[in-house]
Amino acid sequence: MIWGEGMNDNQKHWERVYQTKAPDAVSWYRPHLETSLALIKSAINDDQQSAIIDVGGGESTLVDDLLVQGYMDLTVFDISSTALQVTQKRLGEWSNRVNWWVGDITQANLPPRRFDLWHDRAVFHFLKQPEQRTAYVQQIAKVLRPGGHVIVATFAQEGPEKCSGLEVVRYDAATLHRQFGEGFQLMQSRRETHHTPFGTTQQFVYCYCRFL
């Protein structure tokens, strides 16, 4: 079952993207999110009972790998119900072990103090307006338990200026962390060169913070 709210124009855009492109035919596709997996394992000391939400998880294989590694409390959130349905079909019966949620992360009504770890690879850089970024950070502060973990990856300053026809905001570790404020302690940052399915490269920056 997929929980969610009504559809806005941004959601309609992403539905068109996922309805017209195969999972491995989008620039952000990666067979395994090695950097994310390493940061998650480091953050929660491989505690398989930690509640993890993957924001923008859509068709990503992160949930597959987390299930294989024994994590038991997983939520995948995405703006596209099509993307979530693709992953559910791929997982088969294993999809019943996952909570599925569709919506706009800046507007979703998620349960408070529900999660130990928030993961986002390539959603935050689409938030062009300051009020969108503020709403995103407020959402994290609402749903994370004290001492929780935040792992966010965006295009680095050398990365693309657009993705899927939309302009993005590019960051380095310092400017990305600054978006979250004093309530989030920067624990670690990493750079990654992502090789797209089209033979090009994209520069990503990852920030891992603790929610104080």
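Just so you know, all these numbers are worked out from the coordinates, no wet-lab data involved. No experiment lies behind these values; they were computed from the predicted model shown. Quick reminder, even Gly has a Cβ in these numbers, built from the backbone with ideal geometry, and neighbours come from all protein chains shown.
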Listed residues THR35, THR200, THR106; largest mean-square fluctuation, Gaussian network over the chain with Cα springs below 10 Å, found at THR200
For segment 93-212, I need the span (max minus min coordinate) of the C-alpha atoms along each principal axis, in Å, sorted largest to smallest. 41, 39, 26
Would you look at the GNM of the chain, springs on alpha carbons closer than 10 Å, and say which of THR175, THR87, THR61 moves the most? THR175
Lysine pairs, Cα distance under 27 Å, 8 or more residues apart or cross-chain: how many in the chain? 12
Of ALA51, ALA122, ALA22, which has the largest mean-square fluctuation in a 10 Å C-alpha GNM of the chain? ALA22
Ascending count of other beta-carbon atoms within 10 Å, so fewest first, for ILE79, ILE140, ILE44: ILE44, ILE140, ILE79
Post the alpha-carbon centroid distance, segment 59-88 to segment 112-136, in whole angstrom. 17
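Given N residues in segment 1-133, what is Rg(Cα) / (2.2 N^0.38 Å)? Kindly include the intermediate steps, with their values, before the conclusion.
Numbers: Rg = 14.2 Å, N = 133, 2.2 N^0.38 = 14.1 Å.
Segment 1-133 yields a ratio of 1.01.
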Within the chain, longest stretch free of exposed trypsin sites (Lys or Arg not before Pro) [DSSP loop, at most 16 other beta carbons within 10 Å]: 22-112
